[in-house]
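Shown next, in structure tokens, is the structure this report addresses.
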Amino acid sequence: MYALTTGVTSMALLASLAPFTATAATLAGNPSRTQVAGIDHATAAGRAAATGKQVEVTGDRTEYSTTMANPDGTFTLTQSAVPQRVHDDDGSWDPVDTTLVRRPDGTVGPRSAVVDLSFSGGGHTQMVRLGNERGSLRLNWPGKLPDPRLEGAKAVYPEVLDGVDLELTATAEGYREVLVVKSAQAAANPALEQIRLSASTTDLELTPGAGGGLRAVDADGNTVFKGPAGQMWDSAGQAGDATGGAHTQLARVGVAAAGGTNSATAAPAAAGEVPDPVEEGTQPSAGDTSAVMPVHVSGDSVSVKPDLELLRGDDTVYPVRIDPSVGLGVSERTVLSSDGDKFWQFDGDYGVGRCSVSGPYYCGSNYTNRIYFEFSPSKLAGKYILDATFRAHETWSFSCTPKWVDLERTDNISEGTRWPGPAQLDQMGDRLVSAGRGTQCSPDQPDEWIEFNDNPDEADENLASTVRSFADGKISRLTLMLRAKDESDPEAWKRFDDNAELKVNYAFKPGVPTSVGVIPGDGTTAYCKTSSSDPLIVTRVDPMVQARVQTQVEAHLGDEEGSLQAEFVVERGDDAAWHQVWTGYRPDSGWDPDETLEKLRTSNRADGGLYRLRSRTQSHWSYSGKSGDLFSSYSAWCYFKIDSTAPKAPVITTGTPYTECTANLCEGKGGPGVPGSFTFKPNAADKDITGYRWRLLTSSAKDAKVVTGASYTAKDVTPSLSGTQVLSVEAKDVRERWGTPAEFSFKVAPAAGPTGVWHFDDAVSGSTATLAKDSATEGTRHDATLYTAGAGWSSLARRGDADSSLWLDSTDPAKQQGYAATAAPPVNTKDSFTVSSWVYLTDASVNRVVLTAPGTYGSAFTLYYSASYKKWVFNRTAGDVKDSPVYLRSLGDATNPPLKVWTHLSAVFDTKNDTDKTNDTVQLYVNGRPQGKPVVLNTLSTAYQPWASTAGLQIGRSLVGGTWGEYFRGRIDEVSVWQRVLTPDEIAQQAQLLENGVPANELVAAWDAGASTGTQVKEISSYGVASMTLSGSGATLDGENNALVLDGTAGYASMTGPVVDESGSFTVSARARLDSAGLADKPVGYQAQVAAQQASAGESSWALWVTKPAADVYQWKFTRTAVGSDGKVTQSAEVPAGDVAETDTWVQVTGVYDAQEAWEWTDPADAAKTETRYGKLHLYVGEFDQPSEGAAGFTAPQYGSGSLSVGRGSQGGSTGHYLPGALETLRVWTGAMTADQIRSQVLEG
């Protein structure tokens, strides 16, 4: 039974949680509602140029920001620290209005806020619900609440305990709550000594926050709501106030003679007072005694312990108020005071400087304040910053005489940050100002926006360059501090409102163009050969070149953005060292938007010359009387050789079943794996053709086939995927010269879909449901039934947080016989078929079966983990016999696959569509990779006969000798079966687990320093991965700043990994801060590992690094390494960052390994030999994909083993490489993220 709660709990918990982004909770019928049609950048820019006036890009409007197109072609983004409007569900925009109203469902809520917020309307309803589109949090009062009295934005619940009122106040971004203990008698209630509240969430998980606070995180480990530790205070500051509690911000201590004021001050208002900026009753005022109450999270409850000395002390002045502050919007803000108070997510205006006494004038009790504003870069990514201005609204000045106020960039803030605040990093500007005293000064000094903008005459003002780094992703969040230049001078005290703004003028940054290549003849397809030893043969002396221009980041997919031009550069290298011989631009005048494919024919080039082409995107800007051009990096070189006498494009004609696509007709025929017939003949201009080389452009280069003959009919052109395919054919002449390729486009009809699909998303964890629906569309449906108490549903599933999987992982041996099964076979196992599944194996002590198709005594096929081979296996049984069955196996390549990771398994049985059993094969695929060669079954045993199973598909068990067994332990998800052979490319697509063309991912580990205390970095994902243990020295947890701090010589934290199957795709991301002083002490060439998973005692399977290539120069890097059984390196790959790494600030660094991404490999011994291989690395700094060269390809199916660490790692046979710096989080996902997914899931954009 819960102790009776006083609302201290609800304050310490609920008010601690506030929204990161919000869905409007708005009432219908708001008379101020506006409906705005979305206008994109290109439209707004066109209108601005035509009218000579700014035009809003309404399609880019948010609750916190406004974007305007300027007549000169640039744009202006204004990002506010507080919400400016609310976006309703129907697309309209409403003004912020926190006035509470009673709703039809009986709750109370604000008219218009950026969160979905409701308070209890009285009774046994939930006390507070706080939510947005990413999840929600609910807290319940442990008793019946009285009907509230509504006072504007405040709901007052009187006498929730004897002598105790509860006050809930709505804000634009969350709420505040105060429990008012009105007397010593009320404070004596034992219920106030230990307070617990039950909490429930949807799509969120509660974890400890910084400095004793609380957070609610989503499925990707991102904080959605958070708040600081609870705070309580008495009324000591009001004890002698005759006005009944209102404080003075500036009041006379003595009486000044009329007209006799000091020039540095001004007479106060006639009443002698200016109201205190502190919201009445919601936060401590000067002179109040206060205490902090850390929040404790345990299961589905939270608790706090009030400071009993303050609550019941002899010197306590009642009422005592208990309240944690609230709110996290797109921006964060806080006020830090030298007396220990902090006002996180403050509302209204607060002071900066020294609040003390100056002559006859009084401000406060000798404390110093600083104000901090923190901004997110989500709207600035991919923009070139032309100018930046920070604006803060000054509402009051202690003195009529101007005083200096500084704007400083600092390290980031959190809900736990306290005085003296984060480290100050750089001067942004200063201003000598006085505003807000109105008629008390002569001349009048009204409220005023104070703007900070770089002064070109002052070298220490760096706002524009800092925001430029911010936009480039080198700084993850920008924190700016307002402070008095002279913090000892009480006359420098000023107050500023919470609605500070960052105003930025920008142009779109160009990105590296795509589709760069040369059209070798008169065709339409461009090619890019990346080796000078194997150039593209071009038969025209004036070839066509092409490139698709890009912006660096596409703000809105499909919108036309940027004013761009393609620059082409051609160099020649056969007559001398490589030298430029031609350049061109397209369009030759004006500008095109991104995604425009630009084509340009070169001037005549020398016949026989060897050339290379590259391209870059150019953009242009004009602003404030200046103009300039921006250029992307160049694309990779494309090599070509002009040979006008080489064979021309041959003639391609089709047989069956495929037909050529025309401008008006492109019919799908055949299907993946269905061969087609094509005939190749010489071009009419060629008389000496001796052979051909052909390939499908969707297949790898190693699959190119060479045939002989003046003409040739290929009957085995077999597409591997459906959709439009291109057959490329080159002719060879008697001089052994390959010529210009011809292309033949045809469409491949979709193949037959799966005959069974079980997503296992039919129920949630804890459900008693037992039916898993078959969602396939081919043939008859075969729903699966879950059997025994050992089968259920799990929230750990391969498609992410909203998904479920089949749970077969009971710790009770009596319940370890769970499985699922269909009533009838979904495939005929006598004919060709393919099966596929995602598996999460937790125990490898015995055989663990994923899928089987049983007969009377045995299983026609079994997909399983073999405890004897210590490998994944796919087998067929030679016959359905009870005794001495013969197993014919396709074995996985690697032994000891890791446990407790998601792995994709596919298996193919291929009869070659005939009745000849001697050519039947089986093949296993792991994470989309074929394991060895197809196994010809008859060569293993002549007793083999293809036979059909008679019972339903078994998921999680097998039949051997008439007995069921080999039950799976773990989770199984996304099971599919097909009555056909899937091609290798189709299986690779299955391993990607695409959803609307985008690969699905699942967070499997997340270590959060902000949620940690003591000697361990807590792991907060749903997978229950082990926490990381800190090293004995050199590593400490800084709870106030959410950081694991590492000394660079001995400090690290580690646990035993791996947490993903590294032979498949995965994503790893760290939020790190580099210590410039610690790195400066390291020698040039030093490499520090930010995070790494060991592959062996002396190497890392994957690692995020920072390297020191030169003095005071640091660079991020992502690597992968494969080792052999002897521990020696067999393969390595890396992607370094393109820019220098920022130090002393938080940066998000993300490594992605995409096991299915193709890249072209060139044989080091013979550049003419190339092939397409799969597996590539990406490094993202912020949201920017760093340019990668050829070293980014990694094909080895390497597993991690041993230590997973932050702050140190292994390379070159030794472990060390200590990191001087700090880490806030390390997160790992199964699946390769795209740039958009990194923006939304990693960077919370």
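The values are calculated or read from the model by the stated rules, or taken from the named source; none is laboratory data. None of the values given here were measured: they were computed from a predicted structure. We place every Cβ from the backbone using ideal geometry, glycine too, and count neighbours over all the protein chains shown.
Before moving on, here are some points about what is shown:
- Test: residue in the range 434-443 that is of a type outside the set (Val, Ile, Thr) and part of a strand (DSSP E or B): yes
- Complete set of residues in the range 758-796 that are out of contact with any Lys or Arg (no Cβ under 9 Å at 6 or more places or on another chain) and over 26 Å from residue 815 (Cβ atoms): 776, 777, 778, 779, 780
- Taking every residue in the range 1010-1031 that is more than 15 Å from residue 1043 (Cβ to Cβ) and pairing it with any residue that is among the charged types (D, E, K, R) and in a loop (DSSP other than H, G, I, E, B), at least 6 positions away or on another chain, the pairs with Cβ-Cβ distances below 9 Å are 1022/801; 1023/900; 1025/900; 1031/1208.
- As a summary of the residue check, residue 217 satisfies the conditions (1) over 30 Å from residue 101 (Cβ atoms); (2) surrounded by fewer than 24 Cβ atoms within 10 Å (Cβ to Cβ); (3) among the aliphatic types (A, V, I, L, M) except for the one numbered (2).
- Among the residues of the range 857-893, those that are buried (at least 19 other Cβ atoms within 10 Å of the Cβ) and either without any contact (Cβ under 8 Å) to a residue 12 or more places away in the chain or in a loop (DSSP other than H, G, I, E, B) (or both) comprise 858, 878, 880, 892.
- Subset of the range 41-72 [within 22 Å of residue 92 (Cβ to Cβ), of a type in the set (Ser, Thr, Tyr) and either without any contact (Cβ under 8 Å) to a residue 24 or more places away in the chain or in contact with a Phe, Trp or Tyr (Cβ under 8 Å, 6 or more places away or on another chain) (or both)]: 43, 58, 66, 67
- Residue 677 being over 17 Å from residue 539 (Cβ atoms), under 47 Å from the mean Cα position of the chain (by Cα), among the small types (Gly, Ala, Ser) and at pLDDT 95 or above: yes
- Selection from the range 385-400 of residues that are under 16 Å from residue 430 (Cα atoms) and touching a helix residue (DSSP H, G or I) at 6+ places or on another chain (Cβ under 8 Å): 388, 389, 390
- Extreme residue, surrounded by the fewest Cβ atoms within 10 Å (Cβ to Cβ), among residues of the range 1128-1149 that are within 21 Å of residue 1061 (Cα to Cα) and in contact (Cβ under 8 Å) with a residue 60 or more places away in the chain: 1130
- Residue satisfying all of: in the range 921-963; among the β-branched types (Val, Ile, Thr) and without any contact (Cβ under 8 Å) to a residue 40 or more places away in the chain; surrounded by the most Cβ atoms within 10 Å (Cβ to Cβ) among these: 921
- Count of residues meeting criterion [crowded, with 17+ Cβ neighbours inside 10 Å, in contact with an Asp or Glu (Cβ under 8 Å, 6 or more places away or on another chain) and part of a loop (DSSP other than H, G, I, E, B)] in the range 638-658: 6
- Residue 557 at pLDDT below 95, of a type in the set (A, V, I, L, M, F, W, C), more than 30 Å from residue 611 (Cβ to Cβ) and surrounded by fewer than 22 Cβ atoms within 10 Å (Cβ to Cβ): yes
- Residue match in the range 341-351 (condition: in the same structural domain as residue 483 (by TED's automatic domain parsing), modelled with pLDDT of 90 or more and in a strand (DSSP E or B)): yes
- Among (1) in a loop (DSSP other than H, G, I, E, B); (2) at pLDDT 95 or above; (3) out of contact with any Leu (no Cβ under 8 Å at 6 or more places or on another chain); (4) not polar (S, T, N, Q) - the single one residue 944 does not satisfy: (3)
- Restricting attention to the range 462-483, the residues that are assigned to a helix (DSSP H, G or I) and among the basic types (Lys, Arg) add up to 1.
- Residue selected from the range 895-941 under the condition among the aliphatic types (A, V, I, L, M) and part of a loop (DSSP other than H, G, I, E, B), by the criterion nearest to residue 834 (Cα to Cα): 901
- If you filter the range 489-525 down to residues that are under 34 Å from the mean Cα position of the chain (by Cα) and assigned to a loop (DSSP other than H, G, I, E, B), you find that the one that is farthest from residue 392 (Cα to Cα) is 509.
- Unique residue being surrounded by 19 or more Cβ atoms within 10 Å (Cβ to Cβ) and at positive phi when the list is 673, 709: 673
- Checked against (1) over 36 Å from the mean Cα position of the chain (by Cα); (2) within 20 Å of residue 680 (Cα to Cα); (3) part of a loop (DSSP other than H, G, I, E, B), residue 719 passes all but a single condition, namely (1).
- Output for the range 99-137, where each listed residue is hydroxyl-bearing (Ser, Thr, Tyr), under 24 Å from residue 201 (Cβ atoms) and outside any loop (DSSP other than H, G, I, E, B): 118, 136
- Spans of strands (runs of 3 or more DSSP E) in the range 1104-1223 with at least 1 residues modelled with pLDDT of 95 or more and of a type in the set (A, V, I, L, M, F, W, C): 1113-1123, 1129-1136, 1146-1163, 1166-1181, 1202-1206
- For the range 1012-1026, the criterion of being modelled with pLDDT under 95, under 29 Å from residue 905 (Cα atoms) and in contact with a helix residue (DSSP H, G or I) (Cβ under 6 Å, 6 or more places away or on another chain) is met by at least one residue.
Here is a yes/no grid of residues against (1) at pLDDT 90 or above; (2) buried (at least 20 other Cβ atoms within 10 Å of the Cβ):
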{"residue": "100", "(1), (2)": "yes, yes"}
{"residue": "103", "(1), (2)": "yes, no"}
{"residue": "118", "(1), (2)": "yes, yes"}
{"residue": "134", "(1), (2)": "no, yes"}
{"residue": "144", "(1), (2)": "yes, no"}
{"residue": "152", "(1), (2)": "yes, no"}
{"residue": "157", "(1), (2)": "yes, yes"}
{"residue": "161", "(1), (2)": "yes, no"}
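- Set 468, 495, 483: member being assigned by TED's automatic domain parsing to the domain that holds residue 413, under 19 Å from residue 1147 (Cβ atoms), in contact (Cβ under 8 Å) with a residue 40 or more places away in the chain and charged (D, E, K, R): 468
- Checking each residue in the range 181-196 for being buried (at least 23 other Cβ atoms within 10 Å of the Cβ) and part of a strand (DSSP E or B) picks out 181, 195.
- The range 417-446 - residue that is farther than 26 Å from residue 464 by Cα and free of Cβ contacts under 8 Å to residues at least 60 places away in the same chain and, of those, surrounded by the fewest Cβ atoms within 10 Å (Cβ to Cβ): 443
- Of the residues making up the range 447-460, those that are touching a residue at least 40 places away in the same chain (Cβ under 8 Å) and either over 30 Å from residue 339 (Cα atoms) or out of contact with any Ser or Thr (no Cβ under 6 Å at 6 or more places or on another chain) (or both) are 448, 449, 450, 452, 453, 454.
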